[in-house]
Every structure is written in structure tokens, then in C-alpha cells.
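Data first, discussion second: the structure below is written as C-alpha cells.
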Amino acid sequence: MEAKFAQSMQFSTWIDSEKILRKPSGSIQFGQIRRDKKRLQMLISGHLQPKKTSTWHRPGGLEVSRTHKKFPASIFESGSHYASFDEAMILKHKSQEIMPYLNGRCIYLVGMMGSGKTTVGKILSEVLGYSFCDSDVLVEDDVDGISVAEIFKRYGEGFFRDKETEMLRKLSLMHRLVVSTGGGAVIRPINWKYMQKGVSIWLDVPLDALAQRIADVGTHSRPLLHHGSGDAYIKTFRRLSNLFEERGDAYANANARVSLENIAAKMGLRDVSNLTPTLIAIEALEQIGGFLRGEDNGMAISGF
Ligand SMILES: Nc1ncnc2c1ncn2[C@@H]1O[C@H](COP(=O)(O)OP(=O)(O)O)[C@@H](O)[C@H]1O
Ligand SMILES: O=C(O)C1=C[C@@H](OP(=O)(O)O)[C@@H](O)[C@H](O)C1
């Protein structure tokens, strides 16, 4: 059964770009990277120091912006420098740095609806040479190909959550995947047990930016945000705020966090809406690297 599952995943779902693209996403191609290059170079020349020769970069002494209690600051305080590379090179370089430490483990992206798990996840999978999968799409496939919204309508949220848990269990047996999880996957402790087989990263996006993104694309694929008439942004913002109240602590269970507010602060931007998925993916690799480095140090200390 598991072998069949693994095989069907490998040869159909995860390499079927039609399915991958079924959800609206801002997936970015490397050709697009050049457009962000100038901004990145400005950032780099403004803040970062010459690169050290060691594989892992030591944290620098730059001013630290807002941080979450459990997580360290960002790439932009890390002391790395890549002034002569474009973003594709940075992504590649960072992925190569973490690859031996990652050792084929899956990456799980967690975060609120619309936080960019799918968009950023595809960039990460491409640069790491991993396959990408979206747990919502896998659940849809398992329920006769009907949409998440339709699953909620016909069978209820509990049914969807059970399917989601079962999918995460199966995924936990796999390797070399970037998994975009549903925004609510964090609420069940059992799901964390499965995600802990890999490395989890929380995309932490301010709620107003999320509400704006979702108001732009509509709530048709996100049943928990469906609303009647009225201002889409305001209704979505309220609903997201309530959900975040319930889930904020659960997201913080992730091994690493990417804070868009931190990135924007370091770039001198007032809001996060100009941060491209590529920049966010770079930060994700940096934060994953920070976690793996800590893990590596822990093993050295404990004699593994
Ligand atoms: N960095 C970003 N800046 C602006 N819009 C983004 C960014 N990342 C994703 N989006 C857009 O936000 C919406 C939700 O993104 P998506 O990756 O589907 O989120 P999730 O998988 O977390 O629900 C999509 O329309 C996507 O194009
Ligand atoms: O936050 C949630 O509870 C949900 C998020 C959705 O996934 P995305 O985060 O990919 O939109 C989807 O799993 C379902 O609509 C429930």
C-alpha cells in the first residue's frame, strides 16, 4: 500500500505540473529573478559584510528588527554577502549549503491561508531539486478530485481534517519533498508528529497583507473565508484575525520562521507587499540553515 502510494506520488501527482498549477499562485521562474536583482543588490550593499570562507556564516552584529520569541533574526542580520551574484545564484548557493545537513528530509511550509506556502514552496523545490506537493491537492485527489471547498460543503471540516492528517502521515514516509500544507494543518498535534520527520518552516505574513492578497484572488478555494456581501478585505481580515488568535502559537511550533516584517524592516520598506517570493525563498533557506546548524551543533555537543 505504502509502496503503491509512493510510486503513484512519484510518477503522477508530484510531477504533474497541471495539478501543481491548479491553485492560483505567484510561482516565479528564474527569468523573472532579474527584475528583483537591483533591489536585492541595494539591500546587500547597504547591510552585508564580505563573505567568510566557512560553509556556515556567523551571525553579524547588525541591528536586529522585530523577532518572534522562539526564532532568531533574519538573513539580513546574518553577515552573509552575495553582492556579485543574482538571486538565482544566491538561491542555488544557499540550497547547496543546506543540502548535506538536510540530507533528503522533507520541508513542510506552514502558515495562514495565502501566506505563500505554494508560491514559495515551488521555488524551494526547484532550487533544492526536490518535488513539490500541496497537501490540499492530494486530499482533493483522494476525494474523487473535488475541491477543498466542495469537500467542506459535502462532508464537513472534520472529514477534511482527517484526510489531511492521513495525507501528512503518508508524506512523512517520503523524502525529498517540499510540502505546502493547508493553513489549518498546525492545529492537530498528531500532524506535528508527522511533520517532525522533516523540517518545518512558518511563513509569517502580517494579516493585513494576507487579507489583501485573498481579497484580490477571492475566497472560492478557501471555504473558511467564504463570506456574504460586504467589503471583501474587511471581512477577510476579521476572519483571518480570529483564526490567527486560535493558531498563532501552533505556527510557532515550526522549526524555523520567515517573518516578512523582519525582511521589510531590513530593506527599509514600510510594508511587505513589495517582497517578492524569491526574496522570501532566500530568507527561508537562510532560516532553515540556521535551524540545521543548531541541530548540527546540538549533535556535536551530545556526542552523536
Ligand atoms: N510574496 C508575495 N507577494 C505578493 N503576492 C503573493 C506573494 N506570495 C504569494 N502571493 C499571492 O498570494 C496568493 C496566495 O499565495 P499561495 O502561495 O497560494 O498561498 P498559500 O499556499 O499559503 O495559501 C496567490 O495569489 C499568490 O500569487
Ligand atoms: O486555514 C485553513 O484551515 C485552511 C487552509 C486551506 O489551505 P491554504 O492555506 O493552502 O489556503 C485549506 O486547507 C482549507 O481551506 C483550510
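Worth pointing out:
- Rounded to the nearest Hz, the phi-derived 3J(HN,Hα) couplings of region 145-162 under the Karplus curve 6.51 cos²θ - 1.76 cosθ + 1.60 (θ = phi - 60°) are x, 7, 6, 4, 4, 5, 4, 4, 5, 6, 10, x, 5, x, 4, 4, 5, 5, where x marks glycine and proline.
- Entries in 163/193; 170/193; 117/266 that, when Cα-Cα distance is taken, lie over 18 Å: 117/266
- Here the spin labels are modelled as points 7 Å beyond Cα on the Cα-Cβ line, and at residue 253 and residue 155 they lie 2.2 nm apart.
- Distance (nanometres) between label positions extended 7 Å along Cα→Cβ at residue 175 and residue 234: 5.4 nm
- For the pair residue 274 and residue 244, label points projected 7 Å from Cα toward Cβ lie 2.2 nm apart.
- You can think of it this way: the chain between residue 208 and residue 96 has 36.9 nm of extra reach, that is 0.36 nm per residue less the Cα-Cα gap.
- Cα centroid separation, region 132-163 to region 99-127 (Å): 21 Å
- Nearest-0.05 FRET efficiency for residue 166 and residue 146, computed from C-beta distance (R0 22 Å): 0.85
- Calculated FRET efficiency, residue 216 to residue 297, Cβ-Cβ distance, R0 = 41 Å: about 0.45 to the nearest 0.05.
Quick note: the coordinates plus some simple rules give every number you see, no bench work behind them. What you are looking at is a predicted structure, and each value in this text was computed from that prediction instead of being measured. Please note: Cβ atoms are built from the backbone with ideal geometry, for glycine as well, and neighbour counts cover all protein chains shown.
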